[in-house]
Each structure stands twice: as structure tokens, then as C-alpha cells.
1. If the chain between residue 218 and residue 47 were fully stretched, how many nm would it gain, using 0.36 nm times the residue separation less the Cα-Cα distance?
2. With every protein chain present, what is the per residue accessible area of the chain (1.4 Å probe, Å²)?
3. Quick one: with all protein chains in place, what share of the accessible area of the chain is carbon or sulfur, to the nearest percent (1.4 Å probe)?
4. If I model a spin label as a point 7 Å beyond the Cα along the Cα-Cβ vector, how far apart are those points for residue 205 and residue 238 in nm?
5. Compute the acute angle (0 to 90°) between the alpha-carbon long axis of helix 114-127 and the principal axis of greatest extent of the alpha-carbon atoms of the chain; round to the nearest 10°.
6. Normalised by the number of residues in region 8-92, what is the relative contact order in percent for Cα pairs under 8 Å and 6+ residues apart?
7. Could you give the length gained by full extension between residue 269 and residue 194, i.e. 0.36 nm per residue of separation minus their alpha carbon distance, to one decimal place?
8. Quick check: residue separation of residue 245 and residue 70 times 0.36 nm, minus the Cα distance between them. What number comes out in nm?
Amino acid sequence: MTAIRGAAAITGAASGIGRALAIELARRGCDLALADRDEAGLKTLAAEIGAACKVSLHRVDVSEPDDNAQFAREATTAHPALGIVVNNAGVALMGSFEEIDQAQMDWLFDINFWGVVHGTRAFLPHLKTLGEAHIVNLSSIFGIIAPPGQSAYAAAKFAVRGFSESVRHELAVAGSPVRLSVVHPGGVATAIARNSRTGVGVTDNARRSQSIERFENAAKTTPRDAALRIIKGIERNEPRILIGNDARFMDLLQRFRPATYWAPLQRKLERMAKGLAK
């Protein structure tokens with residue numbers, strides 16, 4: 001088991017899993033380079049962490065390659081021992097494929113997929129100079145299953161999974177000191193659904209409210225528990241990190257019924273929804 005030490009870079013650090021991960025790593029004495037577009041949120045987080053570790057704050061739009069390159073330069077200058085990179089930033093988009101336009105799909109891919117690629121590319125040269133380093137890329141359980149209404153999100157998260165697994169194999173073949181884990185959270189109690197964009201073709205406002213309510217009722221894992229699971233996965237060098245009983249169940253179901261998992265899963269979700277409504 002590898003102990004957490006040195007420094008870590010985290011994107012999407014101002015809220016959700018990224019924020020919880022920053023707090024838990026700080027408690028372990030890990031210095032932090034925290035990135036987000038939400039500068040106020042970063043400052044609030046830094047104030048909460050206090051003097052537990054050295055913290056640098058960086059305004060970064062992960063969809064911009066230049067922002068990622070600058071973040072890597074600044075973060076590694078501020079923290080020369082930086083050996084963990086967590087590509088966590090992500091967004092959501094509600095609507096069927098026919099209800100979202102190409103510009104919206106491009107927006108989501110630029111953040112959820114290309115942000116991971118840009119972050120990996122920007123930090124990898126530095127990480128390879130260390131004796132030990134770790135990249136953590138956030139996919140989703142929707143990088144393993146693909147429900148209706150999530151065509152853009154699932155496509156991007158499946159892409160993160162494929163990219164990460166291929167790069168991990170390349171690093172292993174090359175004998176690189178850099179390890180790579182891909183993370184598949186199930187329902188985590190964050191604001192991602194509430195902050196999601198809605199497809200241009202979605203005209204039913206009640207549907208958005210119902211989707212948010214269903215997500216928040218089903219999201220049983222806390223951000224802190226998700227962060228602790230990721231830290232354990234880093235320490236154990238787990239190639240795939242599943243978060244939550246729901247993620248583990250859906251992963252198993254997909255393995256047993258790779259082409260026909262949706263019908264039984266939909267029935268289970270409907271039963272859960274009825275139970276919550278009582």
C-alpha cells in the first residue's frame with residue numbers, strides 16, 4: 001500500500017467530490033494545488049483547510065488546453081513534489097439526444113472528456129520525473145452503463161474510461177512510475193444535477209424538477225465517503241475505483257447482461273421511486 005504524501009492537484013475543487021477530496025488529503029498532510037472556475041469557492045475552501053498544509057489556488061477552465069498547461073506549470077512550481085493529479089471537473093446535461101444540440105454536446109465533451117485529456121497531457125511530463133506518481137480520472141457509473149436521457153454524458157464518461165485504460169496500459173508497458181486509476185461514482189450527493197444544463201429541445205420544466213428530485217433522493221453516498229474511497233484506491237493502486245453500492249450493483253448487472261441490462265435496471269429504479277414516494 002502506498003501512503004499519500006507530497007502534493008496533489010485537483011480540478012473542480014470548489015465543490016462536490018473535489019472539495020471533499022481536498023479536505024481529506026489536507027488532513028493527511030498533503031499539500032494542494034486547487035483548480036476551479038469558481039474562485040470564491042476556492043477561497044472558502046482554502047480558509048476551511050487553514051494551515052493544515054500548503055495550498056495554492058488556480059482559476060482554470062479545463063476545457064481550455066492553455067489553462068491546463070498554465071495550471072500544470074504553476075502547480076508544479078508551487079509544489080515541486082506534486083505527485084497526484086485528480087482530473088475531477090465535470091458538468092451534466094439533461095435531455096435525450098434529439099433534445100440537445102451539437103453545441104451543447106460539444107460544451108459537455110470539452111469539460112468532461114477533453115478536460116481529462118488536457119489535464120493528463122499537461123501534468124504527465126512532470127509526473128514521469130518522480131519516483132512514484134498517480135493520475136486519477138473521474139468517469140462515472142455512466143461510463144459503464146448508458147441510461148436513456150444521458151447520451152452526451154454517458155458518451156463522454158465512456159470516453160474517459162477508454163482513454164484512461166489505454167493510457168494506463170501504455171504506462172505499464174513503458175515501465176513508467178506513473179500509475180492511473182479511473183473512478184466510477186454512483187449517486188453522490190452533490191449539486192451536479194441541480195447545476196445541470198437543459199437541452200434546447202426540453203420544454204417541460206416539471207421534467208427537470210422531477211429529474212433533480214429523483215437524483216437527490218437516490219444519491220446516497222456523501223462526497224466525504226466518495227473522497228475516502230478514492231484515497232483508498234490511490235493507496236492500493238486500484239485501476240478501477242467504484243463508489244457506492246449502486247455503482248457496484250450496476251457494474252455487476254452490466255457484466256451479466258451486457259446488452260440487455262436496461263430493462264431490469266429500469267424496473268428496479270421504478271420500484272425504488274415508488275418506495276421513495278410513499
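1. Working: separation 171, 0.36 × 171 = 61.56 nm, distance 3.13 nm.
Computed gain between residue 218 and residue 47 is 58.4 nm.
2. Values: 13300 Å² over 278 residues.
On a per-residue basis, 48 Å².
3. On the way: 6990 of 13300 Å².
Answer for the chain is 53 percent, counting heavy atoms of protein chains only.
4. Computed distance between label sites residue 205 and residue 238 equals 4.2 nm.
5. Value to nearest ten degrees: 20.
6. Working: 135 pairs, mean separation 32.2, N = 85.
Value for region 8-92: 38 percent.
7. On the way: separation 75, 0.36 × 75 = 27.00 nm, distance 1.98 nm.
Working it through step by step, the gained length comes to 25.0 nm.
8. Details: separation 175, 0.36 × 175 = 63.00 nm, distance 3.78 nm.
Length difference between fully extended and current span is 59.2 nm.
The values are calculated or read from the model by the stated rules, or taken from the named source; none is laboratory data. Just so it is clear, the structure is predicted and the values come from calculations on it, not from any experiment. For neighbour counting, all protein chains shown are included, and Cβ atoms are generated from backbone atoms with ideal geometry for every residue, glycine included. To get the accessible areas, we keep the full protein, side chains included, count just its heavy atoms, and leave off ligands, DNA and RNA. Shrake-Rupley method; radii C 1.70, N 1.55, O 1.52, S 1.80 Å.
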